[in-house]
Amino acid sequence: MSKTKILSLLNQDTFSKNDLVYLLSFYNKDEKQLIFEKSKEIKQQFVGNKIYLRGLIEYSNKCTKDCFYCGIRAHNHKVERYTVSDADVLNCADYAYKNNYASIVIQSGETKDKVFIHKITQLLEQIHQKTKHALKVTLSCGEQSPETYKTWFEAGAHRYLLRLESSVESIYNTIHPNDEKHSYENRIQALKDLQTAGYQVGSGFMIGLPKQSLEDLASDLLFLQDFNIDMVGMGPYVEHIETPMYKQKDFLIPQEDRYHLTLLMYALLRIMMKDVNIASTTALDALNPTGRIEALSVACNVLMPNLTPIIYTSNYHLYNNKPDSLHSDKLVAYIEKHKTLHGNNIAFGEHGNSKHFENRKND
Ligand code: 5AD
């Protein structure tokens, strides 16, 4: 009975919130395989079996924000703060260039400090000079003014990731302090500003937050569609002991369920949006050692090996059990080991622009 209903729902072109809630309810049941099969088929048809690499540089863990879930929030005084040196950033970019990654991501804590803004501009220029404009660069440096987004775009940033964390305003407000610096409205405005500035725009959510329902997750999926997002980075919420939200750890669904729910979110997103780039996020590996590979086989098409030099990475702990497993120097071995799990190939040397972005621009 449920099988027939699932199959007929999956053949629809659009999904209501109720449809999505119904489909999400199978996250810990065998029927979810039907959804995974459909997602694999659509992935093959619309984005193919290529996995695009994004070498990740965790540029700085200095953060002016105080998000209740995040291990590098300003009020966690137990982290040692760092900023990767210019020389190390350029070395990472050069490594990505020489190893044919074709793309890098510069991610950092949030600050609107003028020195920081200028530094990112300079680094963008230096990276492109050193790597002969061969790399596509994604920034993930938080909420900034439209002018800053424009400056960085002109300096050679092509893509920008800004997670909304939850599209449901009441949840957003319980996981962030209630002040101007953490406003839901400003975050949405920043996403609009990024689209206006011409970026390929990425967003996403945490899955399995305290008191988050399947309705809330269905709203998250619909948000991505309504907003015409090009790239998605969403992953399971993983508790961090040095954060205020840790107190709510007993009100979470089990980690295993969060893991399965995340895979199902990826699959449903692939079925709904078809041509977007979906990253297989690092947080998955914190819950299951083969998590990221599984996600790639089901729906995702982007992998972000970490390029940050090891001397810095122990201080970029956003959540407990954050794995170092896919540090770039282990990438090849990792892929070899898991080759049998999926028919995907790493697309070395390809930029892998979001097809959704290209289609959006052509419309
Ligand atoms: N669990 C999962 N993801 C987290 N992030 C921050 N803290 C956590 C956590 N405890 C994610 C947020 C942020 C990204 C850089 O890391 O979604 O946008």
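Projecting the Cα atoms of 90, 20, 69 onto the charge dipole of region 1-115 (Cβ charges, centred on the Cα centre) puts 20 farthest toward the positive pole.
Accessible area ranking (1.4 Å probe, heavy atoms, ligands and nucleic acids excluded), largest first, for 15, 153: 153, 15. Taken about its Cα centre, the chain carries a charge dipole of about 580 debye when Lys and Arg each add +1 at the Cβ and Asp and Glu each add -1 at the Cβ.
Would you compute the Debye intensity of the chain from its alpha-carbon atoms alone, equal scatterers and no solvent, and pass along log10 I(q)/I(0) at q = 0.13 Å⁻¹ to two decimals? Results for the chain at q = 0.13 Å⁻¹ read -1.03. Taking every DSSP beta bridge that has both ends in the chain, the antiparallel portion is near 5%. Grab the other residues whose beta carbon is less than 9 angstrom from that of residue 171, score K and R as +1, D and E as -1, and report the net. Net charge in that neighbourhood comes out at -2.
Between residue 46 and residue 192, what FRET efficiency comes out of the Förster formula 1/(1 + (r/R0)^6) with R0 = 35 Å and r the beta carbon distance, rounded to 0.05? Please list the in-between numbers first.
On the way: r = 26 Å, r/R0 = 0.74.
So the FRET efficiency works out to roughly 0.85.
Ratio of region 186-256's C-alpha Rg to 2.2 N^0.38 Å, to two decimals?
Working: Rg = 14.5 Å, N = 71, 2.2 N^0.38 = 11.1 Å.
The reported ratio for this selection is 1.31.
Of the listed residues 351, 240, 77, the order by accessible area with a 1.4 Å probe, largest first, is 77, 351, 240. Placing unit charges on the Cβ atoms of the charged side chains and taking the dipole of region 140-262 about its Cα centre, the candidate lying farthest along the positive direction among 231, 153, 208 is 153.
Here the simple spin-label model places points 7 Å from the Cα toward Cβ, and for residue 91 and residue 29 these points are separated by 5.3 nm. When each of the peptides 132-142, 353-363 is scored by how many other beta carbons lie within 10 Å of its residues on average, the order from highest to lowest is 132-142, 353-363. Here, P(r) means the percent of Cα pairs in each 5 Å bin from 0 to the largest distance; for region 144-212 it is 3, 17, 26, 20, 16, 11, 6, 2, 0.
Of the DSSP beta bridges with both residues in region 59-209, give the percent that are antiparallel, rounding to the nearest 5.
On the way: 1 of 13 bridges.
The antiparallel proportion sits near 10 percent.
Ranked from largest, the principal axis spans of the Cα set of region 76-126 equal 38, 25, 17 Å.
When only the Cβ of Lys, Arg, Asp and Glu is charged (+1, +1, -1, -1), the dipole of region 46-93 relative to its Cα centre reaches about 200 debye. The GluC sites (Glu not before Pro) of region 223-314 meeting both criteria, a DSSP state outside H, G, I, E and B (loop) and at most 16 other C-beta atoms within 10 angstrom of the site's C-beta, are 242. With R₀ set to 41 Å, the beta-carbon distance separating residue 11 from residue 183 gives a calculated FRET efficiency near 0.55. Per residue, the accessible area of the chain comes to 42 Å², computed with a 1.4 Å probe over protein heavy atoms only. The tail of the calculated P(r) for region 152-310, taken as Cα-Cα distances beyond 24 Å, holds 35 percent of the pairs.
The values are calculated or read from the model by the stated rules, or taken from the named source; none is laboratory data. For clarity, every value in this text was computed on a predicted model and none was experimentally measured. Methodologically, a virtual Cβ is constructed for each residue, glycine included, from the backbone with ideal geometry; neighbour enumeration extends over all protein chains shown. With ligands, DNA and RNA removed, areas are computed over all heavy atoms of the protein, side chains included. Shrake-Rupley method; radii C 1.70, N 1.55, O 1.52, S 1.80 Å.
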